[in-house]
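First the structure, in the form of structure tokens, and then the observations on it.
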Amino acid sequence: MRIATWNVNSVRARFGRIVDFLERRDIDVLAMQETKCTPAQFPREAFEEAGYELEVVGTNQWNGVAFASRLPIEEVQVGFDGMPGYANTPPESGELPLEARALAVSVEGVRLWSLYVPNGRELGHPHYDYKLRWLDALRADTDAWRRANPDQPLALMGDFNIAPLDIDVWDMSVFEGHTHVSAPERAAFQAFLDDGLTDVVRDRGVEGYTYWDYKAGRFPKNEGMRIDFVLGSSSFADLVVDATIERDERAGDAPSDHVPVVVELDMETSIDDDRPMIF
DNA sequence: ATGTCGACTCCGAGTCGA
């Protein structure tokens, strides 16, 4: 089973490119982020004609997460327990609206999340505090789920908006004092690893960035960032047989500013496979 | 280069978000 995560930066602006990628790279399940539309606006036909079913979350032109899968989707969950909300101007009631940033499905018994972690905007901005609280709540919910489902493979996939290592940006001096590289953000990312999840792409030795800003010729200069990840439980990591960062998807006509990250799972492997076949 | 892109409003340039 081949699964991928991709911040598509508007599914309406790019659905042809996305479906072409799914077919060309033989993807079974795609987690999308920044679809930037409501379910009613989602270009379903392009995916469905290619044999993919959809699970879509979106409230307006911002954020939005989705799954496209040509294997049956089960156990859909929108958001997670304790997920904080956000508004630039908090309403009188104090109830902050929940954003479309987290969607979980199960496919072939594998629990998959499509996550669009808040950007944070600037250190000290309310959005930065929101980012850290959002990650903390995700960690708590993931931990609780893993305790309840200790054997089920799980992966957190998406745009984490964090560059965990200095090598994940092209020039650390550019990022001093900015989001994505601050100690609290990196600690929040590390906390998932400390809980026993692993970066299954980095662990296979895959190098390179997953995002290049549209501005300032960042892609031709290869001035990018590695901020899109697949964090898997140990039972998920055991299934992984290949991983790639699809750098070529940043080139050509009307690319997203992010590229897909692909992980291939061997669903046949089991402890029984060493036994002789008896007919 | 203050270097781009996408969605909104509501018809076209300004605004927000990244």
Q | Candidate set from the range A:28-55 (those that are closer than 22 Å to A:ALA102 by Cβ, touching a residue at least 24 places away in the same chain (Cβ under 8 Å) and not in a loop (DSSP other than H, G, I, E, B)); member that is nearest to DNA strand B (Cβ to nearest atom) | A | A:GLN41
(Q) Looking only at the range A:11-27, count every residue that is touching a residue at least 60 places away in the same chain (Cβ under 8 Å) and either part of a loop (DSSP other than H, G, I, E, B) or open to solvent by 70 Å² or more (accessible area, probe 1.4 Å) (or both) and tell me the total. (A) 4
Q | Pick from the range A:79-92, criterion surrounded by 12 or more Cβ atoms within 10 Å (Cβ to Cβ) and closer than 16 Å to A:PRO118 by Cα, ranking: farthest from DNA strand B (Cβ to nearest atom) | A | A:GLY82
(Q) Out of the residues in the range A:134-181 meeting the condition of being in contact with a Phe, Trp or Tyr (Cβ under 8 Å, 6 or more places away or on another chain) and of a type in the set (Gly, Ala, Ser), tell me which one is farthest from DNA strand B (Cβ to nearest atom). (A) A:ALA155
**Q.** Selected residue (criterion: farthest from A:VAL262 (Cα to Cα)) from residues of the range A:55-69 that are buried (at least 19 other Cβ atoms within 10 Å of the Cβ) and either touching a helix residue (DSSP H, G or I) at 6+ places or on another chain (Cβ under 8 Å) or hydroxyl-bearing (Ser, Thr, Tyr) (or both)
**A.** A:GLY58
Q: Could you figure out which of (1) in contact with a Ser or Thr (Cβ under 8 Å, 6 or more places away or on another chain); (2) more than 17 Å from A:ILE27 (Cβ to Cβ) isn't true of A:GLN61?
A: (1)
Q.
Taking the criterion of being open to solvent by 40 Å² or more (accessible area, probe 1.4 Å), among the charged types (D, E, K, R) and within 30 Å of A:ASP141 (Cα to Cα), would at least one residue in the range A:170-183 satisfy it?
A. no
Q: Working carefully through the options A:ARG133, A:ARG146, find the one that is of a type in the set (Lys, Arg), out of contact with any Ser or Thr (no Cβ under 9 Å at 6 or more places or on another chain) and open to solvent by 20 Å² or more (accessible area, probe 1.4 Å).
A: A:ARG133
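The values are calculated or read from the model by the stated rules, or taken from the named source; none is laboratory data. Treat the numbers as computed from the prediction; the structure is a model and nothing was measured. Cβ: placed from backbone, ideal geometry, glycine included. Neighbour counts: every protein chain shown. These area figures cover heavy atoms from the full protein model, side chains too; ligands, DNA and RNA do not enter into them. Shrake-Rupley method; radii C 1.70, N 1.55, O 1.52, S 1.80 Å.
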